[in-house]
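The values are calculated or read from the model by the stated rules, or taken from the named source; none is laboratory data. Worth saying up front: this structure is predicted, and the values here are computed from it rather than measured. Neighbour counts are summed over all protein chains in view; Cβ atoms, including those assigned to glycine, are modelled from backbone coordinates with ideal geometry. The area values use the complete protein model at the heavy-atom level, side chains included, leaving out ligands, DNA and RNA. Shrake-Rupley method; radii C 1.70, N 1.55, O 1.52, S 1.80 Å.
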Amino acid sequence: MAGVHPQDDLLKMTHRENWKVQHERLHVKHRGHEAMHAEMVLILVATLVVAQIVLVQWKQRHHRSYNLVTLVQMWVVPLYFTIKLYWWRFLSMWGMFSVVTSYVIFRATRRPLSCRTPRMVYKWFLLIYKLSYAVGVLGYLAIMFTMFGFNVFFRIKAEDSMDVGVIMLFYGLYYGVMGRDFAEICSDYMASTIGYYNKGGMPSRSLTSDICAVCGQRILVDVEEEGIIEDTYQLSCGHMYPEVLQLI
């Protein structure tokens, strides 16, 4: 019929027939492009292989620069997407973490190093580790909770419980890795400046038995006792040091 248009024929078709027509049109449109598609796949695979080799060699030969660059990217790149997509919850948590961590890094890189800085650095990153670990475990349990269908007993939608689980798991992994890398940077800086010594030779002062010879802080817990925040360890030479110095 002269009055029937192709658009009208598409409207009369079922969803399955319409999908077949669209699929055939896609094949007609890309007919003769098989060689180009194969080249694109080969280029993609080659790029991934070469990039992986370069990253592995970079990490092995220049470990510190690799960690620094990847850490800065992991720290800064999410800021762009959170502002663009209006993820204010993540942005607020990112901001609080960044402010406190920046202050801790500032204190850890000062010369001379304050005697209270190692303990402050240790406590902050230990707190980040425990919180990220707990949040990650809760997120994983929430995902398993949803996959096994237990959300039905509590009248919780599967989409809601799965979203909560994925978000908590992401937060735990993200801030756990960030805290670990920042703690390594702080420990490197402190290890290069810390010490109870005299550049001219032997130490000119003597220490009592309850003072750490490295950081100069008072040891709060005996070697045999179990501490709430930190324990005390004793070397084979007889010197004692708090658990905070295991970070460096």
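Coupling constants for segment 56-63 follow from the phi torsions by the Karplus curve (6.51 cos²θ - 1.76 cosθ + 1.60, θ = phi - 60°), and in residue order they are 5, 5, 4, 5, 6, 8, 9, 5 Hz; glycine and proline get x. The alpha carbon gyration tensor of segment 37-147 gives principal lengths a ≥ b ≥ c with a/c of 1.5 or higher and a/b no greater than b/c, which makes the shape oblate.
With a sphere of radius 12 Å drawn around the Cβ of Ile128, what net charge do the other residues whose Cβ falls strictly inside it have (Lys, Arg +1; Asp, Glu -1)?
On the way: positive: Lys123, Lys130, Arg180; negative: Asp181.
Local charge sum for Ile128: +2.
Here the spin labels are modelled as points 7 Å beyond Cα on the Cα-Cβ line, and at Val21 and Arg111 they lie 7.6 nm apart.
Could you do me a favour and compute the accessible area per residue for segment 86-178, 1.4 Å probe, result in Å²? All intermediate terms of the calculation are to be shown ahead of the outcome.
Details: 6110 Å² over 93 residues.
Computed with neighbouring chains in place, this is 66 Å² per residue.
Round to a whole number: what % of the accessible area of segment 30-116 belongs to carbon and sulfur, probe 1.4 Å? Present the calculation step by step, with values, prior to reporting the outcome.
Working: 4910 of 6860 Å².
The computed percentage sits at 72.
For Tyr171, the shell of other residues with beta-carbons less than 15 Å away shows a net charge of +2, using +1 for Lys and Arg and -1 for Asp and Glu. A simple rule links phi to the HN-Hα coupling: the Karplus curve 6.51 cos²θ - 1.76 cosθ + 1.60 with θ = phi - 60°, which for segment 146-163 gives 6, 5, 8, x, 6, 5, 5, 5, 9, 6, 10, 5, 4, 5, 5, 5, 5, 4 Hz, with x for Gly and Pro. Do the alpha carbons of any pairs in Lys20/Lys157; Lys130/Lys157; Lys123/Lys157; Lys20/Lys84 sit beyond 31 Å of each other, and which pairs? Check vs 31 Å cut-off fails for Lys20/Lys157; Lys123/Lys157; Lys20/Lys84. Just how far, in whole angstrom, is segment 54-81 from segment 107-157 if you go by their alpha carbon centroids? With segment 107-157 and segment 54-81 each reduced to a Cα centre, they are spaced 22 Å.
Using heavy atoms of the protein chains and a probe of 1.4 Å, the accessible area assigned to His63 is about 80 Å².
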